[in-house]
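Visitor: I have a structure here, written as C-alpha cells, and I will follow up with some questions on it.
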Amino acid sequence: MRSLKIIDLRSDTVTRPTPQMRRAIAEAEVGDDVFDDDPTVHRLQEVAAARLGKEAALFVPSGTMSNAIAIKTHTRPGDEILLDDEAHSMLYEVGLPAAVAQVLTRPFTSRRGVPDVEQIDRLIHAESLHEPGTALLVLENTHNRAGGAIIPLEVHQALWQMAQERNIRVHLDGARLFNAAVATGIPAAEYAACADTVTFCLSKGLGCPVGSVLCGTQECIARARRVRKMLGGGMRQAGILAAAGLYALEHHVERLAEDHRHARRLAHGIAGTPGITLDTVEVPTNMVYFNTRFPAETFTQRLAEEHRVLCAPTDTHRIRLVTHLDIDGEDVERAIAAIQATGAALS
C-alpha cells in the first residue's frame with residue numbers, strides 16, 4: 001500500500017513546479033522589488049496586465065493578500081462592500097475586510113455562483129448621515145463554493161454597467177479566472193474589462209509555487225503598492241518567483257482544459273456510488289463537489305488510509321475534489337475506483 005502514489009485532490013494549490021518551471025526559476029534575473037528594480041517581476045507584471053487588458057499589475061505573495069489590497073485600495077474605513085455570502089473573502093480570509101480595510105460587509109446570495117443583478121442593485125446604499133455608502137462590489141469567478149461555477153460574461157457586463165451608474169467600484173477575485181476563460185473560450189481580458197481591479201492566482205491551476213497578480217489602472221496599482229508594503233508583502237529578489245509565473249502564463253493556461261476533462265470524468269465515474277450525491281456530473285471547470293450520507297471526515301479518512309487518495313471535507317457531509325497539473329488520467333481512474341469502494345464499504 002505504501003508504494004502507491006498519493007493522489008492529492010484536496011486543491012489545485014498542491015501542485016509542484018515542473019522541471020521546466022524549476023529551470024526558469026533557477027535562471028531568473030533578479031533585483032530588489034521593493035526598490036522596484038527586479039526585471040523579472042517587471043516582466044511578469046507587464047505580461048499579466050496585457051493578458052487582462054489593464055494598464056498595470058502588481059505581483060503579490062497570495063490571493064488573500066491581493067484581495068485585501070484591492071478592498072483597502074478601493075475603500076475608506078466605515079464604507080460598505082457587497083460580496084457573495086459564500087465568497088472566499090467572506091469565508092476563508094480570516095475576516096480581512098473588517099480587520100484590514102475596516103469595512104462593513106453586506107452579503108448577497110447567488111444561484112450556483114451567479115449573482116442576481118437586480119438583487120445587488122437593491123442592496124446598494126447611498127452614503128447618508130445614518131448609513132455607510134456602498135463603495136465596492138466584490139465578485140468571484142470561478143466560484144469555489146459553487147463548484148467552480150463560471151459567472152457568464154453578460155452578467156459581468158450588466159453588473160459593470162450598474163456599478164458605473166451607481167458610482168461604485170468592482171473588484172474581481174479571479175483566482176481561477178483562466179479556468180473560466182479556457183472553459184468558455186472567452187479571453188480573460190473580456191471578464192477583466194468589467195472590473196476596476198482583478199486578481200488571479202499563479203499558485204492554483206497555473207501550477208506555480210507562490211503568488212498572485214493584481215491588475216488595474218496605473219493610479220490604482222500605485223496605491224496598491226503602498227498597501228502591499230503596509231501588509232508586509234514587499235518582496236526582495238522576487239524574480240525567482242515571478243519567473244515561475246511567466247513560465248506558467250506561457251505554458252500552463254491552455255492545458256487547464258485537461259483538468260476540466262479530468263474533473264468531468266471523475267464526476268461521471270463516481271455518479272451512482274452508494275451513499276453519495278453529486279451537485280452535478282456536468283462540472284464546469286476543475287472541481288467536483290458531492291454530499292455523503294456518512295460524515296465527510298470518516299469518508300475522507302478512509303479514502304486516505306485505505307487508498308492513498310486525499311480530498312477535502314468542506315462541511316459535515318460535503319466533500320470537494322479538485323483536478324490539477326499533477327493529476328493524470330490514470331490517477332482519475334484510481335480515484336474513481338477508490339471512491340466507489342469507500343462508498344460501498346460504508347453503506
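Visitor: If Met287 meets every condition in (1) closer than 24 Å to Ser66 by Cα; (2) surrounded by fewer than 16 Cβ atoms within 10 Å (Cβ to Cβ) apart from one, which number is that one?
Guide: Single failed check for Met287: (2).
Visitor: Mind telling me which of the residues Cys220, Cys201 ends up being among the hydrophobic types (A, V, I, L, M, F, W, C) and more than 26 Å from His251 (Cβ to Cβ)? Walk me through it before giving the result.
Guide: Values: Cys201 fails: more than 26 Å from His251 (Cβ to Cβ).
Of the residues listed, the single one that is among the hydrophobic types (A, V, I, L, M, F, W, C) and more than 26 Å from His251 (Cβ to Cβ) is Cys220.
Visitor: One residue is enough: does the stretch 322-330 have a residue meeting the conditions part of a helix (DSSP H, G or I) and either crowded, with 22+ Cβ neighbours inside 10 Å or free of Cβ contacts under 8 Å to residues at least 40 places away in the same chain (or both)?
Guide: Initially, the stretch 322-330 is screened for residues part of a helix (DSSP H, G or I), giving 329-330.
When the remaining residues are screened for being either crowded, with 22+ Cβ neighbours inside 10 Å or free of Cβ contacts under 8 Å to residues at least 40 places away in the same chain (or both), the result is 330.
Yes - at least one qualifying residue is present in the stretch 322-330.
Visitor: Residues to consider are Gly272, Gly343; find the one that is over 21 Å from Pro17 (Cα atoms) and either basic (Lys, Arg) or not in a loop (DSSP other than H, G, I, E, B) (or both). It would help to see each step written out before you state the result.
Guide: Numbers: Gly272 fails: either basic (Lys, Arg) or not in a loop (DSSP other than H, G, I, E, B) (or both).
Unique residue meeting the criteria: Gly343.
Visitor: Those residues that are among the aromatic types (Phe, Trp, Tyr) and surrounded by 16 or more Cβ atoms within 10 Å (Cβ to Cβ), I need them from the stretch 79-126; list them, please. Give the steps one after another, and end with the answer.
Guide: From the stretch 79-126, those among the aromatic types (Phe, Trp, Tyr) are 92, 108; that's our starting set.
Of everything in the stretch 79-126, just one residue is among the aromatic types (Phe, Trp, Tyr) and surrounded by 16 or more Cβ atoms within 10 Å (Cβ to Cβ), namely Phe108.
Visitor: Right, here's the next one. Among the listed residues Arg265, Arg225, Arg236, identify the single one that is over 30 Å from Gly133 (Cβ atoms) and part of a helix (DSSP H, G or I). Steps first, answer last, please.
Guide: Working: Arg225 fails: over 30 Å from Gly133 (Cβ atoms); Arg236 fails: part of a helix (DSSP H, G or I).
From the options Arg265, Arg225, Arg236, the qualifying one is Arg265.
Visitor: Quick check on the stretch 165-184: of everything there that is among the hydrophobic types (A, V, I, L, M, F, W, C) and assigned to a loop (DSSP other than H, G, I, E, B), which residue is nearest to the chain's Cα centre (by Cα)? Quick ask: steps written out before the conclusion?
Guide: Taking the stretch 165-184 first, the residues among the hydrophobic types (A, V, I, L, M, F, W, C) are 168, 170, 172, 175, 177-178, 180-183.
Checking which are assigned to a loop (DSSP other than H, G, I, E, B) leaves us with 168, 175.
Numbers: Ile168: 23, Ala175: 3 Å.
The selected residue is Ala175.
Visitor: OK, next. Among the residues of the stretch 295-321, write down those that are of a type in the set (A, V, I, L, M, F, W, C) and either crowded, with 19+ Cβ neighbours inside 10 Å or in a helix (DSSP H, G or I) (or both). It would help to see each step written out before you state the result.
Guide: Quick first cut of the stretch 295-321, residues of a type in the set (A, V, I, L, M, F, W, C) only: 296, 299, 303-304, 309-312, 319, 321.
Across the stretch 295-321, the qualifying residues are Ala296, Phe299, Leu303, Ala304, Val309, Cys311, Ile319, Leu321.
Visitor: Looking only at the stretch 314-326, decide whether some residue is at pLDDT 95 or above, over 19 Å from Thr142 (Cβ atoms) and more than 21 Å from the chain's Cα centre (by Cα).
Guide: Scanning the stretch 314-326, I find at least one residue that is at pLDDT 95 or above, over 19 Å from Thr142 (Cβ atoms) and more than 21 Å from the chain's Cα centre (by Cα), so the answer is yes.
The values are calculated or read from the model by the stated rules, or taken from the named source; none is laboratory data. In this text the structure is predicted, and so the values were computed from the model without any measurement. Cβ coordinates were reconstructed from backbone atoms using ideal geometry, including for glycine residues, and neighbour counts include every protein chain displayed.
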